[in-house]
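These notes concern the structure reproduced below.
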2 protein chains.
Amino acid sequence: MESYSHPPFNITIQAVRTVSRQFANTTTLLHETIARQAGLSPTDLKYLELIIQKGQMTAGELAHLTGLTTGAITGLIDRLQKKKLVKRQYAKDDRRKVFIVPITANTSRILEPLTHPQSEKILRHLQSFDEGELLTILHFFNGINEANLSAIHQISRAKGGQGATL
Amino acid sequence: MESYSHPPFNITIQAVRTVSRQFANTTTLLHETIARQAGLSPTDLKYLELIIQKGQMTAGELAHLTGLTTGAITGLIDRLQKKKLVKRQYAKDDRRKVFIVPITANTSRILEPLTHPQSEKILRHLQSFDEGELLTILHFFNGINEANLSAIHQISRAKGGQGATL
DNA sequence: CTGATTGTCTTAGTGGCTAAGATATGGTAT
DNA sequence: ATACCATATCTTAGCCACTAAGACAATCAG
């Protein structure tokens with residue numbers, strides 16, 4: 001009887017759904033905690049990370065990417081600039097455009113102490129899996145991400161289709 | 001001697017980190033999309049889900065759980081009550097206390113059409129894994145969640161220790 | 001019964017958001 | 001060049017959820 005040593009399949013599936021939801025929750029909460037500790041709002045940190053990840057971009061591109069209005073972007077840049085985490089750089093070829101340039105060194109100095117221990121812990125956890133297991137996890141995430149993106153697209157399309165394009 | 005470098009291994013680990021971050025992002029974005037489509041703010045939906053998940057509770061308990069002030073909770077309940085998604089129920093034994101009772105039927109009617117297709121898709125994805133693979137995924141999530149919670153606790157403790165207890 | 005405590009609501013003030021329009025630059029047709 | 005329209009960002013007014021502080025009502029302790 002394998003049911004002695006193995007929980008029923010459906011129960012395991014339900015367990016995965018539960019812990020993956022918890023993962024989203026704890027990850028969001030950790031992000032907010034880090035932001036508050038870094039003296040930023042959660043959204044400001046989120047968009048700062050986006051700027052760093054995508055590299056320098058214009059205010060308009062960021063507005064489109066985040067789904068925020070240009071007015072909100074102006075305020076966002078103002079706040080980040082005051083903290084020396086980004087700077088405005090006016091384009092030479094088109095002086096209307098303003099590039100938002102991340103000052104990565106300053107951001108790292110603030111964030112790294114907060115994230116480093118956690119990052120190491122997760123690395124060790126990941127190293128406890130073998131290559132095949134990691135590929136399973138990778139495959140799991142890829143499927144969910146694909147489903148999430150298509151659901152976002154589909155639901156947005158149903159009615160007022162505006163929002164972030166992250 | 002550092003020659004035991006498995007070339008693909010570190011790359012796979014990095015890939016898992018990337019897709020798990022994307023998972024958090026797409027999940028959050030999907031949640032916001034669903035909320036907007038349901039006529040709720042993302043935070044209102046988040047807290048409504050919490051009320052449903054934990055079952056009925058008093059306003060003060062919700063305030064403690066979410067990290068919001070009691071004033072914010074009053075506003076939250078007002079908004080959800082106006083939409084008939086929760087109701088206030090004054091405790092018999094202590095008439096200061098107000099229980100927030102979720103009206104699950106109304107919430108389901110609004111949310112289910114939005115979430116059902118996605119839920120089915122994810123179920124099918126999960127069913128494509130065998131039991132052992134699901135247990136691997138489960139183990140992965142459990143480790144991360146534990147690390148996240150301890151990091152939240154540790155970072156919060158470092159300075160102003162206030163926030164949600166979700 | 002009195003005074004302190006508890007649980008929720010109310011009020012005033014703050015901050016980030018949107019919508020709309022101002023400002024400045026760039027592109028195009030004549 | 002000139003006039004005109006388009007584009008990119010900033011500015012302004014108003015909104016809404018939040019916090020902080022305190023009001024109010026119910027409960028508890030001596």
Open item on the list: As a test question: what accessible area, to the nearest 10 Å², does residue B:126 have when a 1.4 Å probe is rolled over all protein chains in place?
Closed with: 0 Å²
TODO: Classify the stretch A:32-115 as rounded, prolate or oblate, taking a ≥ b ≥ c as the square roots of the eigenvalues of its Cα gyration tensor: rounded when a/c is under 1.5, otherwise prolate if a/b is larger than b/c and oblate if not.
DONE: prolate
TODO: Hey, can you grab everything whose amide H is under 5 Å from the amide H of residue B:58? Only 5+ residues off in sequence or another chain; H modelled, so Pro and N-termini drop out.
DONE: B:100
Task: Number of Lys pairs (Cα under 24 Å; 8 or more positions apart or on different chains) in the stretch A:9-128 - done: 19
TODO: For chain B, find the longest principal axis of its Cα atoms and tell me its angle to the long axis of helix B:70-82, 0 to 90°, nearest 10.
DONE: 80 degrees
Task: Shape of the stretch A:49-166, Cα gyration tensor, a/c cut at 1.5 - done: oblate
Task: Angle in degrees between helix B:42-54 and the longest Cα principal axis of chain B, rounded to the nearest 10 - done: 80 degrees
Open item on the list: Quick check on the stretch A:107-166: take the gyration tensor over C-alpha atoms, sort the square-rooted eigenvalues as a ≥ b ≥ c, and tell me if it's rounded (a/c under 1.5), prolate or oblate.
Closed with: oblate
TODO: Compute, for residue B:136, the solvent-accessible surface of its heavy atoms (probe 1.4 Å) with the complete set of protein chains present, and express it in square angstrom to the nearest 10.
DONE: 20 Å²
Task: Order of exposure, largest accessible area first, which applies to A:99, A:140 with probe 1.4 Å - done: A:99, A:140
Open item on the list: How far, in nm to one decimal, is residue B:53 from itself in the other copies if the label point is set 7 angstrom along Cα toward Cβ? Shortest first, please.
Closed with: 2.2
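The values are calculated or read from the model by the stated rules, or taken from the named source; none is laboratory data. Every value quoted in this text rests on a predicted model; they were computed, and no experiment measured them. All Cβ positions, even for glycine, are placed from backbone atoms using ideal geometry, and neighbour counts span all protein chains on display. Side chains are part of the model used for accessible areas, which takes the heavy atoms of the whole protein and leaves out ligands, DNA and RNA. Shrake-Rupley method; radii C 1.70, N 1.55, O 1.52, S 1.80 Å.
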